[in-house]
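The values are calculated or read from the model by the stated rules, or taken from the named source; none is laboratory data. Note that the coordinates shown come from a computational prediction; the quantities given were computed from them, not determined experimentally. Cβ coordinates were reconstructed from backbone atoms using ideal geometry, including for glycine residues, and neighbour counts include every protein chain displayed.
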Amino acid sequence: MSRWIIIGACVWMVVLGGAGLFMVTGWEGRSAVASTAITTATPTNVAESQSQVRQTQATQQAYPGWLNIPVGCTIGRDCWVLQQFDHDPGPDFRDYACGARAYNAHKGVDFGLATDNDMRRNVPVLAAAAGRVLRLRDGETDGVAVAQGVGAVPKGRECGNAVILEHGGGWETIYCHMRRGSVAVKQGQSVAAGQQLGAIGMSGKAEFAHLHLGVRYKNNPYDPFLPGGMKPGACGSVGSLWTPAAAAALRYSPLDMVAVGISDTRPNVAGVNNGQFNSFTRRDADALFGWVLAWNTKAGDILRVDIQDPSGKALLSTTQKLDKGYRRHFRFAVKKKSGAWHSGNYTVTATIQRSGRTPVTRQISRTLKLR
Ligand SMILES: [Zn+2]
């Protein structure tokens, strides 16, 4: 028998002037059990690929790409573009692809980790292009916005630990929310493209572990995916500021699965963000839980969770059509004990499928060993 438990996680929205901000949530933790490989597959359908090719061609024609990926992690595997620049002039929000991966007045791009706990891996923040350090700040505590609420973040320090680079010709890039004590450059210093500036953190008004990258030209914010701004009726990246390699790696994703796990105790989203609920050590556990953390689900998405036992047999296989979507979405499925749990590897796989004009499939899996 299996059943679903749904915990909707709404999202926090923060509106700031100037460089804009982000939002957050996190975790900590070690997995008590060995062997926790994470694999992610992101199948792409043909329509998505063709549209990407068109976007890339248009990009080359309109603007020379000069920005590199500003994080030292693999996009789609251990970090994700979780929030985009908001192009809606009013109180609503719209990303460059006319999707909902933004929030009102968000004037940057957020590169997020799976959970807050992943901040402890000191994932590098990298200079997107060669430049000079105009300003910086360090010493701000990580996680204040989550622990005490966004109101507890001091005015003027919403960006947290940060570096601003100037690139000449009026262009600047700004890197926000870095981990306390991680800023690795000095004011006035010249940096090369790809040089480490610090580490991804959650200082300032950050409700999840991420880098907020802001791009400015003559003090105005620009979307690196759509620097010319959004034309009425047009969706998609035209004239991006990314290098061709970065543009290819950062192609638009409407939906992401960022973490999955198995636990022999009932999980919750706060604990998952703190690195808990990745443990299967009790042979007498009454139940086994397979959980998943996703971003930007939509009503109608089909979510499936499978757990395989050490013999490769399906222990749990459950599918559900989501009746509601969430910016951050946490769910788990339960398998009650029927006999003893055998030692060996247990693998949980979560899959989301979205149908429609541009079908999307995302899958993520993880294996834990019961000794
Ligand atoms: Zn942001």
Original post:
All but one of (1) in contact with a Gly (Cβ under 6 Å, 6 or more places away or on another chain); (2) among the aliphatic types (A, V, I, L, M); (3) over 17 Å from Gly194 (Cα atoms) hold for Leu226; which doesn't?
Top reply: (1)
Original post:
Restricting attention to the stretch 266-277, does a residue exist that is buried (at least 24 other Cβ atoms within 10 Å of the Cβ), within 28 Å of Ala127 (Cα to Cα) and more than 16 Å from the ligand (Cβ to nearest atom)?
Top reply: yes
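Going by the structure shown, is Pro64 surrounded by fewer than 19 Cβ atoms within 10 Å (Cβ to Cβ), at negative phi and of a type outside the set (A, V, I, L, M, F, W, C)? Step through it out loud before you land on a result.
Values: surrounded by fewer than 19 Cβ atoms within 10 Å (Cβ to Cβ): yes; at negative phi: yes; of a type outside the set (A, V, I, L, M, F, W, C): yes.
Judged against the criteria, Pro64 is a match.
Just wondering, is there one or more residues in the stretch 197-213 that are surrounded by fewer than 19 Cβ atoms within 10 Å (Cβ to Cβ), touching a residue at least 24 places away in the same chain (Cβ under 8 Å) and not hydroxyl-bearing (Ser, Thr, Tyr)?
The first filter runs over the stretch 197-213 and keeps only residues surrounded by fewer than 19 Cβ atoms within 10 Å (Cβ to Cβ), leaving none.
For the stretch 197-213, residues surrounded by fewer than 19 Cβ atoms within 10 Å (Cβ to Cβ), touching a residue at least 24 places away in the same chain (Cβ under 8 Å) and not hydroxyl-bearing (Ser, Thr, Tyr): absent.
Yes/no per residue for (1) of a type in the set (A, V, I, L, M); (2) in contact with a Pro (Cβ under 7 Å, 6 or more places away or on another chain); (3) modelled with pLDDT under 95:
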{"position": "Ser240", "(1), (2), (3)": "no, yes, yes"}
{"position": "Pro244", "(1), (2), (3)": "no, no, yes"}
{"position": "Leu255", "(1), (2), (3)": "yes, no, yes"}
{"position": "Val258", "(1), (2), (3)": "yes, no, no"}
{"position": "Val269", "(1), (2), (3)": "yes, no, yes"}
{"position": "Asn278", "(1), (2), (3)": "no, no, yes"}
{"position": "Arg283", "(1), (2), (3)": "no, no, yes"}
{"position": "Leu293", "(1), (2), (3)": "yes, no, no"}
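Select from the stretch 65-120 the residues that are of a type in the set (Val, Ile, Thr) and within 22 Å of Ala248 (Cβ to Cβ) and list them in ascending order.
Scanning the stretch 65-120 gives Ile69, Val71, Thr74, Ile75, Val81, Val109.
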Original post:
Only one residue in Asp86, Asp138 is among the acidic types (Asp, Glu) and surrounded by fewer than 20 Cβ atoms within 10 Å (Cβ to Cβ), so which one is that?
Top reply: Asp138
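Considering each residue of the stretch 209-220, count those that are within 14 Å of Leu113 (Cβ to Cβ) and more than 10 Å from the ligand (Cβ to nearest atom), and give that number.
Within the stretch 209-220, the subset within 14 Å of Leu113 (Cβ to Cβ) is 209-212.
Restricting the remaining residues to those that are more than 10 Å from the ligand (Cβ to nearest atom) gives 209.
Residues that pass the stated criteria total 1.
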Original post:
Which residues, taken from the stretch 311-333, are without any contact (Cβ under 8 Å) to a residue 40 or more places away in the chain and in a loop (DSSP other than H, G, I, E, B)?
Top reply: Ser311, Gly312, Lys313, Leu322, Asp323, Gly325
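This table checks each residue for (1) under 21 Å from Gly76 (Cβ atoms); (2) outside any loop (DSSP other than H, G, I, E, B); (3) among the β-branched types (Val, Ile, Thr).
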site: Ile164; (1), (2), (3): no, yes, yes
site: Cys176; (1), (2), (3): no, yes, no
site: Leu197; (1), (2), (3): no, yes, no
site: Glu207; (1), (2), (3): no, no, no
site: Pro221; (1), (2), (3): no, yes, no
site: Lys231; (1), (2), (3): no, no, no
site: Gly236; (1), (2), (3): yes, no, no
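Conditions tested, residue by residue: (1) at pLDDT below 50; (2) part of a loop (DSSP other than H, G, I, E, B).
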position: Ser31; (1), (2): yes, yes
position: Ala34; (1), (2): yes, yes
position: Gln57; (1), (2): yes, no
position: Gly65; (1), (2): no, yes
position: Arg77; (1), (2): no, yes
position: Asp86; (1), (2): no, yes
position: Phe93; (1), (2): no, yes
**OP:** Starting from the stretch 80-102, keep only residues that are not assigned by TED's automatic domain parsing to the domain that holds Met230 and within 12 Å of the ligand (Cβ to nearest atom), then list their pairs with residues that are at pLDDT 95 or above and not hydrophobic (A, V, I, L, M, F, W, C) whose Cβ atoms are within a distance under 9 Å, requiring at least 6 positions of separation or different chains.
**Re:** none
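Looking at Arg251, Arg216, can you tell me which residue is under 21 Å from the mean Cα position of the chain (by Cα), of a type in the set (Lys, Arg) and surrounded by fewer than 24 Cβ atoms within 10 Å (Cβ to Cβ)?
Values: Arg216 fails: under 21 Å from the mean Cα position of the chain (by Cα).
Step by step, each of Arg251, Arg216 is checked, and only Arg251 is under 21 Å from the mean Cα position of the chain (by Cα), of a type in the set (Lys, Arg) and surrounded by fewer than 24 Cβ atoms within 10 Å (Cβ to Cβ).
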Original post:
Is there any pair with a first residue in the stretch 220-235 that is farther than 12 Å from Ala97 by Cα and a second that is among the basic types (Lys, Arg) and surrounded by 13 or more Cβ atoms within 10 Å (Cβ to Cβ) whose Cβ atoms are under 6 Å apart and which are 6 or more apart or on different chains, and what are they?
Top reply: Pro221/Lys107
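Out of all the residues in the stretch 108-122, which are buried (at least 22 other Cβ atoms within 10 Å of the Cβ) and either over 15 Å from the mean Cα position of the chain (by Cα) or within 12 Å of the ligand (Cβ to nearest atom) (or both)? Spell out how you get there, then give the answer.
The first filter runs over the stretch 108-122 and keeps only residues buried (at least 22 other Cβ atoms within 10 Å of the Cβ), leaving 108-116, 118-119.
Hits for the stretch 108-122 are Gly108, Val109, Asp110, Phe111, Gly112.
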Subject >> Selected residue (only one of Ala129, Ala100, Ala114 is of a type in the set (A, V, I, L, M), within 28 Å of Val272 (Cβ to Cβ) and modelled with pLDDT of 95 or more) >> reply: Ala114
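Among Ala100, Ala145, Ala127, Ala105, which is the only one that is under 22 Å from Trp295 (Cα atoms), buried (at least 21 other Cβ atoms within 10 Å of the Cβ) and of a type outside the set (Val, Ile, Thr)?
On inspection, the qualifying residue turns out to be Ala145.
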Original post:
Which of the residues spanning the stretch 328-354 are hydroxyl-bearing (Ser, Thr, Tyr), at pLDDT 95 or above and farther than 14 Å from Asp264 by Cβ?
Top reply: Thr347, Thr349, Thr351
